[in-house]
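Engineer: Here's a structure for you.
The values are calculated or read from the model by the stated rules, or taken from the named source; none is laboratory data. All of these numbers come straight from a predicted model, not from anything done at the bench. Every residue, glycine as well, gets a Cβ built from its backbone with ideal geometry; the counts of neighbours run over all protein chains shown. Calculation scope for accessible area: heavy atoms of the full protein, side chains included, ligands and nucleic acids excluded. Shrake-Rupley method; radii C 1.70, N 1.55, O 1.52, S 1.80 Å.
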Amino acid sequence: MKQCPEHVVEYMHEYLDGDISQQHEKELRTHLKSCDTCKEHMNELTNVVAFIKSAAAISVPAGFTTNVMHRIPMKPRALKGVQRFLRRHPMLVAAVVFLILMSATLFSSFNNSQQFSVTKAPGLIVEGETVTVPVGETIKSDLVVENGNLVVEGNVEGDVTVVNGKYMASTANVTGNVEEINESFEWLWYSIKNGVKKLFSTAD
Amino acid sequence: MDPLINKRIKQVLKGDQSAYADIVSLYQQSLHQVCYRMLGNKEEAEDAAQEAFIKAYIHLHTYDQKRKFSTWLYRIATNLCIDRIRKKKPDYYLDAEVPGTEGLDMYSQLAVDELLPEEELERMELQERIQYEISRLPDKYRAVIILKYIEELPLQEISDILDIPLGTVKTRVHRGREALRKQLGDL
Ligand SMILES: [Zn+2]
């Protein structure tokens, strides 16, 4: 077995696949005549093929086609794709339509509202375009600063949002989320999120 | 290209659902057979074959009519079976210790290397034994061996079905045959 060329087994498989070259087949036959080990190997492979091929056809369970037809979703093709989508996802569609309508106004509102603005809350210090929550002061509401900076040294009990500006904090204590929005689409996203939140809270 | 099948496909795509029944009737034998040989369990094979036809129905609009329909169907069925085999694998080991006397269905529960005692192998009928040996093949080899020797498909078509190169199909057929040779010993 040790002196058998390695490719002999490969030729056996080429032979079994029916795509052996004449040259390889000749070599294989010559080798098999002189080598009992490989002859045995070849026989076993031939038997394996015969064994598997003797597998009997399995009969299909009764009523197979009928069962498939019963399980098929009702006339999905009869509806055009868009219609089907609308029917399956009414909420999603409503939200998308809502967002499209909103975004048109949002982009323009973003570009138009370059002026500085800040949520009015007692205790805030406004100097130019910088809003400061001084040390020891607690703002008990959400805080939104547009086109300006926010410095928090005191406490904010709510969310903080800075649009087109910088949020700076050293010893700040903000109980809600802090968000900085500096891109048009981010601003859009922020508005959408809030819009959706409102939509769903009014829907409830 | 089978003109009848293409006609039925067009009818289904136009919304005539009932035309699909002809398609199912024509291919049920092949698809069910492949699923049974892959999964080794009658109930599962029926369910998988049904699922394959339903999947094909839902995605019929993606079928490229220039290609062979049966190739496309076989692909859906084999992918589905391979998925099921892989999902099932951990359970194999859990169930492996249950002593098996309930016939065919238990072989699908066996771990790949789990061996039955010699005398039980000898009691087995030929058909039972064939399925047992197929079930012991790693799923990579199992699929090609089934498609080649039970469905008797050309290697090129197997390559299209499994979406693997022809050379890989050949290698898997070779290894599959060698694996079976070792499994069978001197049967
Ligand atoms: Zn030799």
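Engineer: Once the piece of chain linking A:His89 and A:Thr119 is laid out straight, how much longer is it, given 0.36 nm per residue of separation minus the C-alpha distance between them? Walk me through the numbers before you get to the answer.
Structural biologist: On the way: separation 30, 0.36 × 30 = 10.80 nm, distance 3.73 nm.
Here the answer is 7.1 nm.
Engineer: Keeping all protein chains in position, work out how much accessible area A:Arg71 exposes to a 1.4 Å probe, and write it in Å² to the nearest 10.
Structural biologist: Its accessible surface works out to 100 Å², give or take rounding.
Engineer: Now, a different point. Calculate the mean, over all residues of peptide B:16-25, of how many other protein chain Cβ atoms lie within 10 angstrom of the residue's Cβ. Mind showing how you got there, number by number?
Structural biologist: Values: counts 3, 8, 1, 0, 4, 5, 1, 2, 8, 4.
Per residue, the number of nearby Cβ atoms from other chains is 4 on average.
Engineer: Can you compute 3J(HN,Hα) from phi for each residue in the range A:46-51, using the Karplus curve 6.51 cos²θ - 1.76 cosθ + 1.60 with θ = phi - 60°, rounded to whole Hz and x for Gly and Pro?
Structural biologist: 4, 5, 4, 4, 4, 4
Engineer: Count the lysine pairs in the range B:1-89 that are 8 or more places apart or on different chains: how many have C-alpha atoms under 25 angstrom apart?
Structural biologist: The result is 18.
Engineer: Calculate, for A:Val135 and B:Arg75, the FRET efficiency according to 1/(1 + (r/R0)^6) with r their C-beta to C-beta distance and R0 41 Å; round to the nearest 0.05.
Structural biologist: Details: r = 69 Å, r/R0 = 1.68.
In this case the efficiency is close to 0.05.
Engineer: Something else about it: Under the definition of partner shielding as Cβ atoms of other protein chains within 10 Å of a residue Cβ, what is the mean value for peptide A:39-52?
Structural biologist: Numbers: counts 0, 1, 2, 0, 2, 9, 5, 2, 5, 13, 6, 1, 9, 14.
That average works out to 5.
Engineer: List the accessible area buried at the contact between A and B, summed over both sides and calculated with a 1.4 Å probe, in Å² to the nearest 100.
Structural biologist: Values: alone 14720 and 10750 Å², together 21660 Å².
So the buried area, both faces added, is about 3800 Å².
Engineer: Provide the per residue accessible area, probe 1.4 Å, for the range A:6-54, rounded to a whole number of square angstrom.
Structural biologist: Values: 2950 Å² over 49 residues.
With all protein chains present, the range A:6-54 gives 60 Å² per residue.
Engineer: If we sort A:11-24, B:72-85 on the protection proxy, mean other Cβ atoms within 10 Å, highest first, what's the order?
Structural biologist: Numbers: A:11-24: 15.3, B:72-85: 20.1.
Those peptides, ordered most packed to least, come out B:72-85, A:11-24.
Engineer: Rounded if a/c is under 1.5, else prolate if a/b is larger than b/c, else oblate: which is the range A:6-54, with a ≥ b ≥ c the root eigenvalues of its Cα gyration tensor? It would help to have the intermediate numbers written out before the result.
Structural biologist: Details: a/c = 2.45, a/b = 1.32, b/c = 1.85.
Here the range A:6-54 falls in the oblate category.
Engineer: Between A:Thr175 and B:Tyr63, what is the label-to-label distance in nm when each label sits 7 Å out along the Cα-to-Cβ direction?
Structural biologist: For A:Thr175 paired with B:Tyr63, the spin-label model returns 6.2 nm.
Engineer: Quick one: if you stick a label point 7 Å off each Cα along the C-beta vector at B:Asn6 and B:Arg123, how many nm between them?
Structural biologist: Distance between label points: 5.5 nm.
Engineer: Next question, about the same structure. Looking at this model, which pairs from B:Lys148/B:Lys170; A:Lys26/B:Lys182; A:Lys33/B:Lys148 are more than 18 angstrom apart at the alpha-carbon?
Structural biologist: Details: B:Lys148/B:Lys170 10 Å; A:Lys26/B:Lys182 26 Å; A:Lys33/B:Lys148 29 Å.
Violating the 18 Å Cα-Cα cut-off are A:Lys26/B:Lys182; A:Lys33/B:Lys148.
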